[in-house]
1. I need the full set of residues from region 145-176 which are open to solvent by 70 Å² or more (accessible area, probe 1.4 Å) and more than 16 Å from the ligand (Cβ to nearest atom), in order please.
2. Could you tell me which residue of region 72-88 is farthest from the ligand (Cβ to nearest atom), considering only residues that are open to solvent by 20 Å² or more (accessible area, probe 1.4 Å), at negative phi and assigned to a loop (DSSP other than H, G, I, E, B)?
3. With region 124-237 as the region, which strands (runs of 3 or more DSSP E) entirely inside it contain at least 1 residues that are on the phi > 0 side of the Ramachandran plot?
4. Given the criterion without any contact (Cβ under 8 Å) to a residue 60 or more places away in the chain and over 18 Å from ALA154 (Cβ atoms), identify the matching residue among ALA104, ALA31, ALA82, ALA108.
5. Of these, THR199, THR190, which one is in contact with a Lys or Arg (Cβ under 7 Å, 6 or more places away or on another chain) and either open to solvent by 60 Å² or more (accessible area, probe 1.4 Å) or at pLDDT below 95 (or both)?
6. From the residues in region 56-71 that are within 16 Å of the ligand (Cβ to nearest atom) and among the aliphatic types (A, V, I, L, M), which one is nearest to HIS10 (Cα to Cα)?
7. Yes or no: SER107 open to solvent by 40 Å² or more (accessible area, probe 1.4 Å), farther than 16 Å from VAL46 by Cβ and outside any helix (DSSP H, G or I)?
8. Just one of VAL25, VAL91 is assigned to a helix (DSSP H, G or I), within 13 Å of the ligand (Cβ to nearest atom) and not basic (Lys, Arg); which is it?
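The values are calculated or read from the model by the stated rules, or taken from the named source; none is laboratory data. In this text, all values refer to a predicted model and were calculated from it rather than measured experimentally. Methodologically, a virtual Cβ is constructed for each residue, glycine included, from the backbone with ideal geometry; neighbour enumeration extends over all protein chains shown. Heavy atoms of the whole protein, side chains included, go into the accessibility calculation; ligands, DNA and RNA do not. Shrake-Rupley method; radii C 1.70, N 1.55, O 1.52, S 1.80 Å.
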Amino acid sequence: MCGAEVMQFHSPLCVALDFPDAPSVRRIAAATAPYAGVLRIGLTTVYGTGARMVGELSAQRPVFLDAKLHDIPAQVEGAVTAIAAMGPRFVTVHAAGGYDMVKAASSAAGASLTVLAVTVLTSLDDAELEHLGFAGSTEDTVVRLAERALEAGASGLVCSPLEVAALRSRFGPRDRGGPLLVVPGIRPRTWSSDDQKRTLDARATLDAGADLLVIGRPITASPDPATAAADLLEELS
Ligand code: C5P
């Protein structure tokens, strides 16, 4: 089901519209329309502009609502039910919320909303994960969280570019039933990593088996967002 959805998008670029004000969100959404197949909004935009921005953008293009839900199953079920009515194409929950929580989200999503499980934030590195008490490598942690989330009914995963190959090798390619892989932490070689730790460039990430590349500041903080998005798309063709 998700494979067909991704194929409909005119580009594998998903622009992250992380602005607290509606005019900036609308401006970058319009500027990147020819280049970005999906619009991502998350906490900054939803809390800054109000949840009705989800419906406004969904009327224009497929929306990835990066809600990053992580609560008891009943709360997540309620939130996903409300979100489904707003019309986004994708919603995220944290895989670390556990089997019952991801299952509650997947059951509440219905046919038109795809649940993606966030494995390990791209802003965390091995040292921080060790501080937090995770044993083993980051890659092992990502694969373990992914396994559980997929068992619970998630249709796709959010991971860093550095784990795409491992997830493809563990779960298989899309055309043989593998999960949708949505990947932030993309950095052109000429752009700083900002607060991201596990990064790679767009071409290498797509070649490793990613389906959608979530890119924010290298487009939105560029002096010319439309050209930045066009250049990224060109790199992928
Ligand atoms: O500006 P930048 O390209 O770093 O934006 C990446 C986007 O992807 C942000 O909106 C961030 O919230 C989101 N994201 C992430 N890491 C995850 C999941 C989502 O960076 N694991």
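1. From region 145-176, those open to solvent by 70 Å² or more (accessible area, probe 1.4 Å) are 148, 151, 162, 169-170, 175-176; that's our starting set.
Those that are open to solvent by 70 Å² or more (accessible area, probe 1.4 Å) and more than 16 Å from the ligand (Cβ to nearest atom): ARG148, GLU151, SER169, ARG170, ASP175, ARG176.
2. Applying the first criterion (open to solvent by 20 Å² or more (accessible area, probe 1.4 Å)) to region 72-88 yields 72-75, 77-79, 81-82, 84-87.
Going one step further and asking which of them are at negative phi, we end up with 72-75, 77-79, 81-82, 84-86.
Keeping just the survivors that are assigned to a loop (DSSP other than H, G, I, E, B) gives 72, 85-86.
Details: ILE72: 22, ALA85: 23, MET86: 18 Å.
Once the filter is applied, the top-ranked residue is ALA85.
3. Details: elements: 156-158, 180-183, 212-215.
Once the strands (runs of 3 or more DSSP E) in region 124-237 are filtered for at least 1 residues that are on the phi > 0 side of the Ramachandran plot, nothing remains.
4. Numbers: ALA104 fails: over 18 Å from ALA154 (Cβ atoms); ALA31 fails: without any contact (Cβ under 8 Å) to a residue 60 or more places away in the chain; ALA108 fails: over 18 Å from ALA154 (Cβ atoms).
Only one candidate passes the filter, namely ALA82.
5. The match here is THR199.
6. By that ranking, first place goes to VAL63.
7. Values: open to solvent by 40 Å² or more (accessible area, probe 1.4 Å): yes; farther than 16 Å from VAL46 by Cβ: yes; outside any helix (DSSP H, G or I): no.
No, not satisfied.
8. Numbers: VAL91 fails: assigned to a helix (DSSP H, G or I).
Result of the check over VAL25, VAL91: VAL25.
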